[in-house]
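The values are calculated or read from the model by the stated rules, or taken from the named source; none is laboratory data. Only a predicted model underlies this, so the values are computations on that prediction, with no experimental measurement involved. Because the Cβ atoms are built from the backbone with ideal geometry, glycine has one as well, and the counts that use them run over all protein chains shown.
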């Protein structure tokens, strides 16, 4: 991939060299704490373009990620700096994006300086030496504790949390109201039996619901990608307190007995009596379509669905609550590629994209922010101007995106529902062999969807055997 170097001035080059030296000194101090070589050590940066590779921005074309990068470029231009940043969005599913990034960084075929990694990929990219250790202070106490844990591997920081994610339960208020339920008990602590009971009420009142209604709930249960892994981990973690499939070094730490309890929970959640049949081959987009179209009353999905669904459903129609039991933590973290020739400038870009104001911008746009201040500091605002034609408010000041907001402009559910969900979320297994784990895990769970599914005991025994092979 070619780069288009920006204009180089003698003064700007001098400032750049001084900045690199300062970053080197500052990062040496941070590197001592982190136990690894600092990201900004080495020769001065080569002036030019910083390329950030990422998956699709769920806030749409020209979305908030691109807006943040445009703001950084504007500030660099105002300072006369010789760096600009460019966002490259990788096509395909998350699994395909991971393969593209691995191939590009291992071969050096694509000159990426910053990579936006799914939280499950950090151990793999770190262990393979594809990304650089970073200063510890980049992940400070303002970062939500559960989210901050995704940044480390082997005692070192390798990535900085950019935007987070967590499983949530969306539901149709209007359907429940039609069935006579005006105050559903879906707050913190509500278990899956509560949801099943409400689905039973809806089924009993089917004649009062729209003709489109088919079954109680849907989720991403397609075994051909990460969806079934996420749902499986949520069920397994809900079935056993403190459940973990791997230890701190990424080795398998489960047992057949634990797996059997998790399989029982997953089987209970996905009973045909409650679950839309299409869920078995549905991904995020499919389930959003089914839920928005009225085919189901409950939906397990990620935070960005809050904004998306509110474009077609009103507050009287749409509700959101914590996911029953345990919810899986998702999200993406920014890492600096090992082969970058602009390490210092790349690090400054990461600092900008993950600062407090940027996190507030991400929250306002529909992402889950990674910093506590984005949720709790009422004086914190997004300082990035929206591009022409993409304003979130009309000339009279009335918002046009239809997403409910609180008195301080945050999404209305952010502080009371989203933040606690993030704080209480569980991680998927942290291992450099995550790809092998996920493939093995979903491959075995997919047998539950067959014509002759095995018993929980038999499947647990097989799953235990296969995971020991995948995670030696």
What about residue 235, is it without any contact (Cβ under 8 Å) to a residue 60 or more places away in the chain and either in the same structural domain as residue 274 (by TED's automatic domain parsing) or farther than 15 Å from residue 436 by Cα (or both)?
no
I'd like to check something: does the range 307-315 contain any residue that is surrounded by fewer than 18 Cβ atoms within 10 Å (Cβ to Cβ) and assigned to a helix (DSSP H, G or I)?
no
Looking at the range 251-267, which of its residues are part of a helix (DSSP H, G or I) and either under 19 Å from residue 302 (Cα atoms) or within 26 Å of the chain's Cα centre (by Cα) (or both)?
259, 262, 263, 265, 266, 267
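Each row is one residue, and each column tells you yes or no for (1) closer than 30 Å to residue 185 by Cα; (2) surrounded by fewer than 20 Cβ atoms within 10 Å (Cβ to Cβ); (3) touching a residue at least 24 places away in the same chain (Cβ under 8 Å).
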site	(1), (2), (3)
414	yes, no, yes
421	yes, no, yes
426	yes, no, yes
441	no, no, yes
444	no, no, no
457	no, yes, yes
The range 273-293 - residue that is surrounded by 20 or more Cβ atoms within 10 Å (Cβ to Cβ) and either outside the structural domain of residue 450 (by TED's automatic domain parsing) or assigned to a loop (DSSP other than H, G, I, E, B) (or both) and, of those, farthest from the chain's Cα centre (by Cα)
274
Show me the helices (runs of 4 or more DSSP H) entirely contained within the range 110-188 in which 1 or more residues are under 15 Å from residue 427 (Cβ atoms) and under 19 Å from the mean Cα position of the chain (by Cα).
122-127, 145-148
For residue 296, state whether it is more than 26 Å from residue 471 (Cβ to Cβ), surrounded by fewer than 18 Cβ atoms within 10 Å (Cβ to Cβ) and modelled with pLDDT of 95 or more.
no
Being over 25 Å from residue 268 (Cα atoms) and modelled with pLDDT under 95 narrows it down to one residue among 182, 150; which is it?
182
In the range 217-228, which residues are in a loop (DSSP other than H, G, I, E, B) and either in the same structural domain as residue 97 (by TED's automatic domain parsing) or in contact with a strand residue (DSSP E or B) (Cβ under 6 Å, 6 or more places away or on another chain) (or both)?
219
Odd one out for residue 200, checked against (1) crowded, with 20+ Cβ neighbours inside 10 Å; (2) in the same structural domain as residue 309 (by TED's automatic domain parsing):
(1)
Do any helices (runs of 4 or more DSSP H) entirely within the range 405-472 hold 2 or more residues that are assigned by TED's automatic domain parsing to the domain that holds residue 229 and in contact with a helix residue (DSSP H, G or I) (Cβ under 9 Å, 6 or more places away or on another chain), and if so, which?
434-445, 456-470
Candidates 93, 99, filtered to the one that is farther than 19 Å from residue 57 by Cβ, out of contact with any strand residue (DSSP E or B) (no Cβ under 7 Å at 6 or more places or on another chain) and surrounded by fewer than 19 Cβ atoms within 10 Å (Cβ to Cβ):
99
Against the condition buried (at least 20 other Cβ atoms within 10 Å of the Cβ) and in contact with a helix residue (DSSP H, G or I) (Cβ under 8 Å, 6 or more places away or on another chain), how does residue 182 come out, does it pass?
no
Neighbours by Cβ (under 8 Å, 6+ apart or cross-chain): first from the range 241-267, touching a residue at least 60 places away in the same chain (Cβ under 8 Å); second exposed (fewer than 14 other Cβ atoms within 10 Å of the Cβ) and assigned to a loop (DSSP other than H, G, I, E, B):
251/472; 252/472
